[in-house]
Every structure is written in structure tokens, then in C-alpha cells.
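The values are calculated or read from the model by the stated rules, or taken from the named source; none is laboratory data. The structure displayed is predicted, hence computed values, not measured ones. Here the Cβ positions follow ideal geometry from the backbone for every residue, glycine too, while neighbour counts run over all protein chains shown.
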Amino acid sequence: MADLASQVFDLLSERGVAKAALRRRFREDSCINSTRVLFDVYRAAGILADAVSVRARIYSPGFVERAHREGRMPVTPEELQSWTSEPGVWSVGIGYGINHGKQKWPGHLVLRSGAT
């Protein structure tokens, strides 16, 4: 995301918006701020878009095999920890609010273009 934000900052800079001012106000690794900047860019370009809260999970082949063998997903955090302690069994999630600080929103925000 930071690379995309840097590209957006470059684009805005070419249009007279100071990168330093953007970086003082917005963190490049913040989905909320990145979505807001992109929303403004899309609006200025006349492209319809809206912000959407999303969740996503990615599972390793080992995780999928374990879930098929069990006939279900892990139910408790302890069971998930047990599964993922096995070699090759892992999962990654975004938008679930796990391991977020108290001052952070526990979701994930993206920009959906072509919205009506």
C-alpha cells in the first residue's frame, strides 16, 4: 500500500500539492487516509467511487488441507494457534481488528470505483 500511496503522492505533487504537506497529514500505511486521498483524486477526475469496509483472509495450502481433514475451520483462538503451529499451516487476515492498538480502527478500508 505504501508504494501505491507514494505513486499517488507523486501524482498529486505533479499537480501542485506538496508531498511534505501530504506526509505531515497522512501516513502512507493508513488505509483510511489512503482511501480518503484516492477518493478526492477520483472525485477531481470525475470518477465515481465510494469507500467500503472490507475483510479478507488468505490461507496456506496446509491450512486448507487441515480444514478439509477436520471438516471445519478452527473455532477458538487457541485452536487456531494450535493449527498454525504446524509447519506450513498459516493464515493472514486483514480487517478483523486483531493486534491493533487502542487508538486504531480495527477494520480495513478500500476505494471501490465505478460505484453509483
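Within the stretch 76-111, how many residues are at pLDDT below 90 and not aliphatic (A, V, I, L, M)? Summing the residues that are at pLDDT below 90 and not aliphatic (A, V, I, L, M) in the stretch 76-111 gives 15.
Within the stretch 47-100, track down each residue that is among the polar types (S, T, N, Q) and in a strand (DSSP E or B). Ser53, Ser91, listed by residue number.
Conditions (1) farther than 30 Å from Leu80 by Cβ; (2) modelled with pLDDT under 65; (3) exposed (fewer than 12 other Cβ atoms within 10 Å of the Cβ), marked per residue:
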residue	(1), (2), (3)
Ser6	yes, no, no
Gly16	yes, yes, yes
Leu22	yes, yes, no
Tyr42	yes, no, no
Asp50	yes, no, no
Val54	no, no, no
Ile58	no, no, yes
